[in-house]
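Take a look at the structure set out below.
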Amino acid sequence: MTADGTDSLDTPVLWLDEIRSDDIGSVGGKGASLGEMTAAGLPVPPGFVVTAGTYRAFIEETGIDEELFDAVEIDSDDSEALSGAEAKAEELILETEIPGSVREDILAAYDDLDDGEAFVAVRSSATAEDLPSASFAGQQETFLNITRDDLIERIKQCWASLFTQRAIYYRNEQGFDHDIVDIAVVVQRMVEADKSGVMFTSHPSTGKPKIIIEAAWGLGEAVVSGAVSPDNYVIDRETGETVEATVADKKLMMLKDEETGETVERAVPDDKRNARVLADEELAKLVELGERAETHYDEPQDVEWAIVGDEVFMLQSRPITTISEESAAEAAANGEGGGDLILNGLGASPGIASGPVRIVRKLDQLDKVGEGDIIVTEMTTPDMVPAMKRASGIITDEGGMTSHAAIVARELGAPAVVGAGSATEQLEDGRIVTIDGDKGSVTEGAVEPDEQTDSVDDVRPQNPVKPMTATEVKVNVSIPEAAERAAATGADGVGLLRMEHMILSTNKTPERYIEDHGEDAYVEEIVDGVRGVADEFYPRPVRVRTLDAPTDEFRQMEGGENEPHEHNPMLGYRGIRRSLDRLELFGYELEAFRRLFEMGYDNVEIMFPLVNDAEDVIRARDLMESAGIDPDRRNWGVMIETPAAALGVEAMAEAGIDFASFGTNDLTQYTLAVDRNNEHVADRFDELHPAVLRLIGDTIQTCREHDVATSICGQAGSKPDMVRFLVTEGVSSISANIDAVRDVQHEVKRKEQKLLLDSVR
Ligand code: PEP
Ligand code: MG
């Protein structure tokens, strides 16, 4: 018998058309969703799921279960034991033969797909996805273009992903039994699409009965990742007429390389570049399928589709859950939900959420935060991220718009009110409240679920159409878990990946981490964190910033007792100052970059924070060179965060920087002497202050003269006024928050067009 109570060796595999959503316990989240779509009569590429029960039966029937669970019962603070446990578990799983009959059943199922000739995708589908962290359930492995020869091996690799060091560590730390997670594996025929794209079955921001379809040549990755600007079709659902067809100049397409089987990027042949991708009949077919999906799920859907010859496939369908500012504003104005105002703070992450309060005072109380709760805490810390993911909203006593809570909440898509003063005193556990992350209010009682913002999966920005802009529009990422959402915005790359969140989420200072796990594990922790994002965006550039956490953030971590006490951490030991003082630690960061470059991640760029002058830059550059990184071959640059840096950028350009990026969170606080985390002066924190704008404008001017690219990665890059200013000044790129990317793209385009028009008028 298996953990879910089924005797799965009778049915090692389930075909997608046999699966319903309540089979989630044996087929995992991914498998259940594909099964549900198949059941709805949608043309999903055929496939099957090797059930969680099969994995369970494999370890039990071959008798490796006890050895496996014993092997991972270790002191997870002992880094050698941890890597030994991962290796042992992997060896046990990969080197133990799958019972013959199961193997045959899996291969027989494969043979039923295209007479054994199919290229398939093999994906893990963990059955514990609702548990606190994906790392708990194991790495989410995906292998593409797999053939019969490698199938069994890949399935076993998916199983082994339950026992990565990170997953073992996490379960041990949280006191979870290793025995309670299972893993299913989805095996599905790959679709070699001639054309593909996405479809919104109702207008995603207005909900009007208009179907919007984006389409490009080749495989869907090009559209979903935003690498290509697709054709855009708008169809009136009532009349079935195409009311708008915008044909884009499609330069790139993704294809399967016939020789290697890998997905490659190619130039679109000249005769297709400006040709319309979808004929009327194809639009009609898509519209019909879209309507079928919407009827089945009873709500508007965001669908990924592909066409091969004259066959249409649907690859994924999920509800459109965009934030409706109107309904948020209305609900708040009407005081819905009982509405007596309890507290006010800063609206730091938009949307409305209701739920029971959970006061979190100490780290060990994080378990008490359940799905849909409202976390109330003095200030969030990086290791609260798993709990923040479960929560429907976040309230903090302290902090401003650029505090940890604000940044992470925006990336998770969870409404947040920060700097609310005494929320942890005024609220109590279990009290039902509603927070409005636009207005910054906390009110009594709950609002109806349809007025609340659906949290984590609000992937799609409000306007589905990505305009082409000359100024690049990128996205900021702080937590690697947000990379997928960030990539789905269609941004031109990552303008800021903050490294400190990767380290601090281990709840240890770098020094303590190294003491406990060794230098190599530290370097690998950075490599893994960056890789997750660099893969998601490849070949779009990802600008990774070296460590920049103030001592008060480090102090909350294990090992933080050794941090110096500073009266003014924001003016203190952080950014490049600390790196240039702790050369050994800085060296590990540079070593991580060197390894990433060696692995072929040529889309990774290096950015140094809080530099003041060319001397800082030259020292950092020389250290980079000594670490085996050639500054002439790699893209590297600095953040402009102090007035000194802005005024001294010319000498930095001469030192060889490729780019300068405005960190307006800091540049504003240092120019105006307004602590960015102090709610008492939050109303004075003005990134559009003339002094700040002048520093920015002059820096752009100097950089243009020296052929240095400019960008912004502070919070202000998401503000329309700042966007218009920067485009007028000639900035090279703008990096915005995930939820703002699409609006920024439109703002940039409008401004660029206006400038062009003005120049010819
Ligand atoms: C900034 O200062 O604007 C910035 C982006 O860096 P951080 O918010 O991490 O200090
Ligand atoms: Mg900064």
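The values are calculated or read from the model by the stated rules, or taken from the named source; none is laboratory data. Source: prediction; values computed, not measured. Please note: Cβ atoms are built from the backbone with ideal geometry, for glycine as well, and neighbour counts cover all protein chains shown. The protein model used for the area step is the full one, side chains on, heavy atoms only, and it has no ligands, DNA or RNA in it. Shrake-Rupley method; radii C 1.70, N 1.55, O 1.52, S 1.80 Å.
Using the Cβ-Cβ distance between Glu625 and Asp249 with R0 set to 25 Å, the FRET efficiency from 1/(1 + (r/R0)^6) comes to roughly 0.05.
Can you give me the Cα centroid spacing of segment 466-545 and segment 561-593 in angstrom? Cα centres, segment 466-545 to segment 561-593: 19 Å. Note on Ser101 and Glu288: the model spin-label points, each 7 Å out from Cα along the C-beta direction, lie 4.4 nm apart. Other residues within the sphere of radius under 14 Å centred on the Cβ of Leu672, judged by their own Cβ, net out at -3 (K and R +1, D and E -1).
Explain nothing, just the number: dipole magnitude of segment 195-324 about its Cα centre with +1 on each Lys and Arg Cβ and -1 on each Asp and Glu Cβ, in debye rounded to the nearest 20.
300 debye
Simple rule: put +1 on each Lys or Arg Cβ and -1 on each Asp or Glu Cβ in the chain, find the dipole, and look at Leu585, Ala57, Gln753; the Cα lying farthest toward the positive end is Gln753. Packing around the peptides 251-258, 96-103, taken as the average count of other Cβ atoms within 10 Å per residue, puts them in this order, highest first: 251-258, 96-103. FRET efficiency for the Glu654 to Asp581 pair, using the beta carbon distance and R₀ = 25 Å, is estimated at 0.50. The charge dipole of the chain, taken about its Cα centre with unit charges on the Cβ of Lys, Arg, Asp and Glu (plus for the first two, minus for the last two), comes to roughly 3000 debye. Relative intensity of the chain on a log10 scale, I(q)/I(0) at q = 0.06, 0.09 Å⁻¹, equals -0.37, -0.89, per a Debye sum over C-alpha point scatterers of equal strength in the absence of solvent.
By the rule of a C-alpha distance below 13 Å, with chain neighbours fewer than 8 residues away ignored, the aspartates and glutamates paired with Lys749 are Glu472. Rounded to the nearest 0.05, the FRET efficiency derived from the C-beta distance between Asp280 and Asp78 at R0 = 60 Å is 0.40. Each eigenvalue of the Cα gyration tensor of segment 8-189, multiplied by 5 and square-rooted, gives one semi-axis; in descending order these are 28, 18, 13 Å. Full extension of the segment from Arg633 to Met570, taken as 0.36 nm per residue of separation minus the current Cα-Cα distance, would add 19.3 nm.
Split the accessible area of the chain by element, probe 1.4 Å, and carbon with sulfur accounts for 45%. At 0.692 mPa s and 37 °C, plugging the Kirkwood radius over alpha-carbon pairs of segment 480-580 into Stokes-Einstein gives what diffusion coefficient in µm²/s? For these conditions, the coefficient is 225 µm²/s. Local charge for Leu695 was computed over the other residues whose Cβ lies under 13 Å away, with Lys and Arg +1 and Asp and Glu -1, and equals -4. Of the residues Ala470, Leu496, Ala486, the one whose Cα sits farthest toward the positive end of the charge dipole of segment 453-594, with +1 on the Cβ of Lys and Arg and -1 on the Cβ of Asp and Glu, is Ala470. Computed over segment 195-324, relative contact order equals 26 percent, with contacts defined as Cα pairs under 8 Å that lie 6+ residues apart.
Between Glu729 and Glu311, the modelled labels are 5.4 nm apart [label points 7 Å from Cα along Cα→Cβ]. Using a probe of 1.4 Å on the protein chains alone, the accessible area found for Asp520 is around 90 Å². Taking a straight line from the alpha carbon of Lys508, these lysines sit under 27 Å away, with near neighbours fewer than eight places off in the same chain left out: Lys88, Lys362, Lys368, Lys389. Spatial offset of segment 705-758 relative to segment 296-316 amounts to 34 Å, using the alpha carbon center of each.
Short-range pairs are left out: with C-alpha atoms under 8 Å and at least six residues apart, the relative contact order of the chain is 9 percent. All Cα-Cα separations within segment 471-760 were binned at 5 Å from zero, giving a P(r) of 1, 6, 12, 16, 19, 18, 14, 8, 3, 1, 0, 0, 0, each value a whole percent of the pairs. Bridgeable lysines around Lys256 (alpha carbons under 19 Å apart, same-chain partners fewer than 8 residues away excluded): Lys195, Lys272. Going by accessible surface with a 1.4 Å probe and the largest first, Glu18, Glu524 read Glu18, Glu524. For the chain, the mean residue ellipticity at 222 nm estimated from helices alone is -11000 deg cm²/dmol, where every DSSP H run of n ≥ 4 contributes -39500 (n - 2.57) and the total is divided by all residues, rounded to the nearest 500. The mean accessible area for residues of the chain, using a 1.4 Å probe and ignoring ligands and nucleic acids, is 40 Å² per residue.
Rolling a 1.4 Å probe across all protein chains gives Leu571 an accessible area of roughly 110 Å². The listed peptides 608-616, 307-315, 194-202, ordered by packing as a protection proxy, come out as 194-202, 608-616, 307-315 (highest mean of other Cβ atoms within 10 Å first). Counted residue by residue at 0.36 nm each, then reduced by the alpha carbon distance between them, the extension gain from Gln753 to Glu615 reaches 45.7 nm. At full extension, Ser21 and Glu91 could sit 21.9 nm farther apart than now, given 0.36 nm per residue minus the alpha carbon distance.
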